[in-house]
Structure formats: structure tokens, C-alpha cells
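Just dropping this structure here.
The values are calculated or read from the model by the stated rules, or taken from the named source; none is laboratory data. Remember, predicted model here, so these are calculated numbers, not experimental data. Positions of Cβ are generated from backbone atoms using ideal geometry, with glycine treated the same way; all protein chains shown enter the neighbour counts. Areas reflect the complete protein model, heavy atoms only, side chains present, ligands, DNA and RNA absent. Shrake-Rupley method; radii C 1.70, N 1.55, O 1.52, S 1.80 Å.
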Amino acid sequence: MTLKELKIGGSAVITEVGGEGALRQHFLDMGVIPGAEVKVLKYAPLGDPMELLIHGYSLSLRLADAAQIKVTELDKDIAAEVEEPHRKHREHPGLGEGGRYHEAHPEKNEPLPDDTKLTFALVGNQNSGKTTLFNRLTGSNQHVGNFPGVTVDRKDGPIKGHPNTLVTDLPGIYSMSPYSSEEVVSRSFVLDEKPRGIINIVDATNIERNLYLTMQLLEMGVPMVVALNMMDEVTANGGSVDINEMEAMLGVPVVPISAAKNSGVDELIDHAEHVARYQEEPMRQDFCDENDCGGAVHRCIHGIAHLIEDHAKRAGLPVRFAANKVIEGDELVLKQLELDENELETVGHIVLQMEKERGLDRSAAIADMRFSFIQKVCRETVKKPRESIGHIRSRRIDKLLTGKFTAIPMFVLIMGLVFWLTFGVIGAGLQGLLETGIDKLIALADKAMKEAEVNEVIHSLLVDGVFAGVGSVLSFLPIIVTLFFFLSLLEDSGYIARVAFFMDKALRKIGLSGRSIVPMLIGFGCTVPAVMATRTLPSERDRKMTILLTPFMSCTAKLPIYAFFAAAFFPDKSTPIVVALYLLGIITAIFAACLYKGTVFKGDAVPFVMELPNYRLPAAKNVLQLLWDKAKDFLQRAFSVILIATVAVWFLQKFDMNLHMVKNSEESILAAFSGVVAPVFKPLGLGDWRIVTSLVTGFMAKESVVSTLEVLFTGDVTTAMTTLGAASLLVFSLLYTPCVAAVAAVKRELGKKWALTLVIWQCALAWVIALIVRLVGLLMGGV
Amino acid sequence: MNAADIILIVLITAAVIGAVVHCVKKKGSCNCGCCTGSCPNCKK
């Protein structure tokens, strides 16, 4: 039978893993190997994908992929098994510290000179707490989330109190076989930049899967320390790890820590510094066993290691690592090794013989060898914890939030609540207060300037220009911070990963993968990080398509525009109008996705494989830090880009071509330029040059639309356009080109051609849809 | 032009120059007010 046919609650042992290429390798790396025991936990509300328990963690897999995995059903419940480790009471091996190790290895007694910078790579699985540890080590405040793939690029920083060090936080990876572009970043860093040491962070609550990467890192021969993170959670649930035994078996220092509680981190730093300073390489790199299944894999690895040794040294690759990669058929490593035809043929024969003797194909045999060793380590050292309270709680919450009939209604309810609280209650209320305060301050400044008989031009520049423009944008700070507060709660709690899980089937219909939902939701905050977040997507097609769709998710910078016009033209229906705009953005994205799927991005999204983290209560410090960063960035922006834009707009609308101050702004430089473009917007009911100007400044920063309007309209904006005109302007603002920062991000990810195409395409689409809105409005008797 | 005018002109000029310098320094980097800090340009 296949895994797909296994019922909820059923346990089975995997007998064969089908499929091909990088995806199959990814399955194997995630522990989906022949011999592994699995249990089906549940199916997503739309029937696909399924959630499995394998090696003690939850993995989501599409049914189509599950159909390629053959299993034999088991009578027992694998989740109920708890094994006690075989206690050996071994002495502390003393790795990564002075004393015993150096007595045994006198050749290792020469440390690196004091002025040598000790560089460390912080490597681990996704969602294992790397960024939390990075923040602890460096004292920085990088954003930490609770879904796999928050870190999409490397970040550097010196260890606090250790000036000649540099730690690089790398995106989470499951193995050294690069599956997605973020995994390429991590692998390239370790291979090409040759850090002095590796800090391998291992999630102790999920040790079997995490040690798979550890083994590949050990093969690289780089000095390394294993940081067993979340040990507090393990011990609190009755689990334990025999650290001495594990250290002896792995041949590198093992330090139990809790990055979140800052325990064990100092010891970790001491060991990491020591192994790097003394260049203490792992004591063990050979994990194959000559007695294991006839020793076929053992002989194969050693044979190939000898054969390619000279090539690996020339290419600067660790021999053992290169040998395993050659057996797995890793194209990148094979290319680097430059083996000649005879050698390639010999490798082929050795591998073929191994496959014949072992009864497994090359990739599965290597994965099996690694997991066999891991099982041995775990049997000797790990007492598995009971099901943690966090997991029990997650299961209970999931019954509601990812339940068959409740998932989608709960998602709609949660998002509705977020928007209602942001725009209708908390954010809007605070905005009103801030607006009143700013107005009072402006009135005070106005009065003071009049009393001091300040020059009329300076008075106008300050009151009509700077104060009106910057002040109008500043008042939206509470709404933006409130929306970010809720988005960060959703993200940090682990809910977004669930949304990806149950939306996968629906998103596949429009050519996307469930994982695309993460960048999309981030896009409601800002398009720039959303575009960056697409790096977690494993296929180039999915990545491109998601990047081109994220600008349709209305970012927070557009909020001032909506709030400004909704308050002026639809005072009683502000919240429904704003929510309708968000929905329109989503609907347009669906339409665009269908269009892309049928034209430029033909084909299907790659299969969905994702780990579901436990729900966690977001850390107050983390959330507050994020909100402070957002508020600070917003204020910086208001007093930089927006300030310059308002001063420039004020100048251009106060002076004519001869630099004479004008009484009527119709004669200004701005009116002359914008008047040329205005006819294009006339069919939309937006022929007024001031509106056109504000839309153009919106390309620099979306908030500029409102600040420009405040400067240009000394009177009421409602006199310049009709209600229908305002509606089409709102739609146009929602859909037209993203700001220059977002376009730059798209250019960085996809290149100039795509970025330019995106700008033109979105402007055209926005124009057409705004026109449709106006025409429909006219037909319905609107004005 | 009185003393208040001169003070205000100096303040406005300083603010605009400061804003321009800030923008030039951040040129090519992510200047988005709502960035989550995930991109390389948002290193604090």
C-alpha cells in the first residue's frame, strides 16, 4: 500500500520512496527513508496535504507525493513508544576545552594567533532557534518568527564581549543538498567562505531529524560545537540527553542550552571559541559501519573517498563530504571535482554494486546510513520527552484552527478581526487622538509664527508644506503599528505555517504552493520583505510568480491613502471600504495568478513539504522590539523622504517657471508638468493635476500621496472630485505600481526586465480596473 | 527679515540637508518603513 492510503491515526513503516530528483532527495533528507516509521495525524481541511508524524516531528506532505511512498501498515502506535537510553556513565570527553583533549593530541596545542578573527557559521534546521541564539550571542535584535524560513539571508555580528569574532546567522537548512535558494546560501557559506568554526544548533525536542544535518556538517571537517537548544523543554517533559556519551559518539563538544532563556550560552561561546582557536576538528567523520547490512555502503564510501581524494583536495572540498555527495549524484560537487571519464565510470560501477548489495538506491542508501547512525546515537543517549505541553496544546488548538470544517471560517474570522480591530477600533481610535494632537501643535506653531511676524513665504512653507504634509502622514503611525502588532502575533504564534498547510490545495488551483501564503501575508505589511521571503520557495517558477503577486497585497503604506479618502468621501463606511479594498487586492491577485498560470508560468507548483511548528505564545520583548523597529522606520521615513517630497511639492506649486511666487497654483511649475499627464487619468474622473501629482509622488513612497494632497489642497479635497472619482482613485492607488523600494527589491530578485514589466503591467491593470469601477458606478447612477 | 525668519530658515535648511544625507546614506537599501528586517539591507 502507499502512504496516501493510510488512514488517520494509522502507523506504518516506509518500504520504498518513489519520485525523482531534488524533491526525492529532500524527502530523504527530511527522514522519509525506507525503514522509517510514520503515523498519519490528519488531513488538511480541503483533503490535501496530509500531516505525518515521523522521527518525532510533524511533516506536511501532498497526497500526490504520499502516493509515491510505499509503506507496510503496523499494528502498533509509533507515537506511544518511549525508549530509555542505554546508560553508560561515561566520563566527560573534554572536547572543546583545555586539558584532556590537548594531552591526548599534543599536535593541537598551537592556537591561532590572537589577532586572527574567529568566524563562525550558525547552522541548523529551520525553526530551530538560530536567530534567537544569534541575538543572544551578538546582542542584536534580529526578527524572530515561528514558522520555518524567517531568515532568508545571512546576518553577521560579533559575539558580545568578544570583539575579534564574527558570527553569521544562516537560513535554516535540513541538509547540505540544496533544495531551495536559501539552502544554497547556507551551503555556499560553509563551503566557500570557510568559517573558522561552526555552531550547529540542534532542536533537542526534535533531535533525530536535526542530527541529520549535524552529520553532514561533521563530514566537512570544520571545527564545530553542537548546541542542543530547547533543553529546558526536553527536561521539563521528562526527557534527557546523556551529553558525555553524545559528545563521545559525535566527536565534537555538545553543549545543552536554552537560547530563549539564555542558559548555557556562555559555555557554548567558550567551547566555540576554543575549537576555533585551536582548530579542533571533529574527532569522527566516519559514520558507516562495516557490519551494517553487509557493509556495502561502508565499502562504497571508502572506495570512492580514496578514488576522488586528489580531486577533492584540489577543489578545496572535504574528502568525506565530497565522497558522499558523489554517491548521491550531487551535480554541483561532481562539477567541482572535475573527475575524468575513467574515474566517473569507476564511481558508477562502485555505486551500482553498492545498490545491488544494499537493495537501496544510492540516495536512499546514504540517507539510511546516516539515520542508522543517528538512531544508534539516540538509542545510547536520548530519553525522549513525553509529549510536551506545547504539543498537546498545539494539537487541541489545531482541532479548531485547522479542523476540516472550521479552518477556513476561523481564518476568515481571524483576519476579519485583525482588520476590524486595526481600522475600526484600536488603530483608528489612536489615530484620531494623534491627529487632534498634531492639529493642535500646528495651530500653536501657526499662532506663534504670526505673533513673531514671520515672513509669509517661510510661514507658508512650514504650515502649508512641512507641517501639513509630514503631520498628515505621522497621524497614521498608530494604524500601521497596530496592523504590524497583529501580523507579528499571527506569525510568532505559528498560525501562519498552518495557513500555508490548509491553503495549499486552494492555492494549487491558481498555480501556487501553500508556502506562497507566507510572503503574501507579509505583503500586507510591506512588499519589500515579502519579496525577500519568497526565497523560502523551492522552485524558481513559484518564486517568480509569488514575487509578481505580492504587490497586489495592499501594504500598510497605502493605509493613509485609504483612510484619508474613506474619511473624506465615505465617512460612515470607512471600515467596510478599507476591507473591500483589501479584498479587491486579493481578488485581483487571484485573477493575475490564473492569467500567469495559463501564459508565462505554465505548469504546476512544486510539491508542498513543510514542518509545522508548535504554537507558542509570542514573546513580549520580541513583539515590542518589532513594533519599535516599525515605528522608528516609519518616523525616519516621515522625516526624510516625506519631508523632502513635501518641501519639493510645496516649492513646485508655489513658484512658476521664472521662479516667481504665484498666487494661483494653476500657474505653478507643478501644474504645467502634471497637466501633461492629467488627460490620461481623465477617463477615471481624476483629471485634476493635483491628484495626478500626488499619484506620481506615490511612486517614491505611498504615504506621499496623502502628504502631497495636503500640501496641494488648501481647501477641501471633496471639491476637486466626485465620490465616484474618489472610488476609482482608491482602486487605482491599490493596484498601481508598487513604490520604488519594492520595485528595487523585485529588480534584485528577478532582474531589470521583470521589474520594469511589473511597473508597466500594474499601472495598466490599475487603470483598467479603476475605469471599470467608474463605469459600473456611472451605470448604477453614481456621480 | 527678522531674527525668527533667520532661525527658521537655518532650521528648515538643516532639516532638509539632514533628510537628504539620510536618504543618500540609505541609497540602494531598503527604505521601506514597514520592513520586517529580513532583508540584507535592513541590518540594524
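Being of a type outside the set (F, W, Y) and buried (at least 23 other Cβ atoms within 10 Å of the Cβ) is the filter; apply it to region A:476-486 and report the residue that is farthest from A:T534 (Cα to Cα).
Taking region A:476-486 as the starting set, the residues that turn out to be of a type outside the set (F, W, Y) are A:477-483.
Then keep just the ones that are buried (at least 23 other Cβ atoms within 10 Å of the Cβ); that gives A:479-480, A:482-483.
On the way: A:I479: 26, A:I480: 23, A:T482: 24, A:L483: 21 Å.
Restricting to residues being of a type outside the set (F, W, Y) and buried (at least 23 other Cβ atoms within 10 Å of the Cβ), the top hit is A:I479.
Only one of (1) more than 14 Å from chain B (Cβ to nearest Cβ); (2) not in a loop (DSSP other than H, G, I, E, B) fails for A:T422. Which number is that?
(1)
Under 6 Å between Cβ atoms, which residue pairs at least 6 apart in sequence (or on different chains) link something in region B:12-30 that is within 8 Å of chain A (Cβ to nearest Cβ) with a partner that is at pLDDT below 75 and assigned to a helix (DSSP H, G or I)?
Partner pairs satisfying both residue conditions: B:C30/B:N41; B:C30/B:C42.
All but one of (1) in contact (Cβ under 8 Å) with a residue 60 or more places away in the chain; (2) away from chain B (no Cβ under 14 Å) hold for A:G469; state the number of the condition that does not hold.
That leaves (2) as the condition not met.
Looking at A:A638, A:A720, A:A645, A:A726, can you tell me which residue is surrounded by 17 or more Cβ atoms within 10 Å (Cβ to Cβ) and in contact with an Asp or Glu (Cβ under 6 Å, 6 or more places away or on another chain)?
A:A720
In this structure, does A:E182 turn out to be open to solvent by less than 10 Å² (accessible area, probe 1.4 Å), of a type in the set (D, E) and modelled with pLDDT under 90?
Values: open to solvent by less than 10 Å² (accessible area, probe 1.4 Å): yes; of a type in the set (D, E): yes; modelled with pLDDT under 90: yes.
In short, yes.
Same structure, new question: Tell me yes or no: at least one residue of region A:689-710 is surrounded by fewer than 24 Cβ atoms within 10 Å (Cβ to Cβ), without any contact (Cβ under 8 Å) to a residue 24 or more places away in the chain and more than 28 Å from A:R637 (Cβ to Cβ).
no
So if I check each of A:L512, A:L490, A:L461, which one is part of a loop (DSSP other than H, G, I, E, B) and either surrounded by fewer than 21 Cβ atoms within 10 Å (Cβ to Cβ) or not polar (S, T, N, Q) (or both)? Before you say what the answer is, go through the steps one by one.
Numbers: A:L490 fails: part of a loop (DSSP other than H, G, I, E, B); A:L461 fails: part of a loop (DSSP other than H, G, I, E, B).
Within the list A:L512, A:L490, A:L461, the selection yields A:L512.
Among the residues of region A:135-167, write down those that are on the phi > 0 side of the Ramachandran plot and at pLDDT below 60.
Correct list: A:G149 only.
Let me ask something else. Mind checking which pairs have a first residue in region A:752-772 that is modelled with pLDDT under 95 and a second that is among the basic types (K, R) and surrounded by fewer than 19 Cβ atoms within 10 Å (Cβ to Cβ), Cβ under 7 Å, 6 or more apart or different chains?
So the pair list comes out as A:A755/A:K747.
Quick one: count up the residues across region A:371-398 that are touching a Cys at 6+ places or on another chain (Cβ under 9 Å) and part of a helix (DSSP H, G or I). Explain how you work it out, then say what you get.
Keep residues of region A:371-398 that are touching a Cys at 6+ places or on another chain (Cβ under 9 Å), which gives A:372-373, A:384.
Imposing the further condition that a residue be part of a helix (DSSP H, G or I) reduces the set to A:372-373.
Of the residues in that region, 2 qualify.
Identify all residues within region A:517-573 that are polar (S, T, N, Q), within 15 Å of A:Q762 (Cβ to Cβ) and modelled with pLDDT under 90; write none if there are none.
A:T527, the sole residue that qualifies.
Looking only at region B:9-29, count every residue that is over 17 Å from A:S704 (Cα atoms) and either at pLDDT below 90 or among the acidic types (D, E) (or both) and tell me the total. If you could, list the steps in order and put the result at the bottom.
Going through region B:9-29, the residues over 17 Å from A:S704 (Cα atoms) turn out to be B:9-15, B:17-18, B:21-22, B:24-29.
Okay, now just the ones that are also either at pLDDT below 90 or among the acidic types (D, E) (or both), so B:21-22, B:24-29.
Of the residues in region B:9-29, 8 are over 17 Å from A:S704 (Cα atoms) and either at pLDDT below 90 or among the acidic types (D, E) (or both).
How many residues are of a type in the set (D, E), within 12 Å of another protein chain (Cβ to nearest Cβ) and without any contact (Cβ under 8 Å) to a residue 40 or more places away in the chain if we restrict to region A:617-658? Break it down into steps so the answer makes sense when it comes.
Here is the first cut: in region A:617-658, the ones of a type in the set (D, E) are A:629, A:633, A:656.
Keeping just the survivors that are within 12 Å of another protein chain (Cβ to nearest Cβ) gives A:629, A:633.
Checking which are without any contact (Cβ under 8 Å) to a residue 40 or more places away in the chain leaves us with A:633.
Summing the residues that are of a type in the set (D, E), within 12 Å of another protein chain (Cβ to nearest Cβ) and without any contact (Cβ under 8 Å) to a residue 40 or more places away in the chain in region A:617-658 gives 1.
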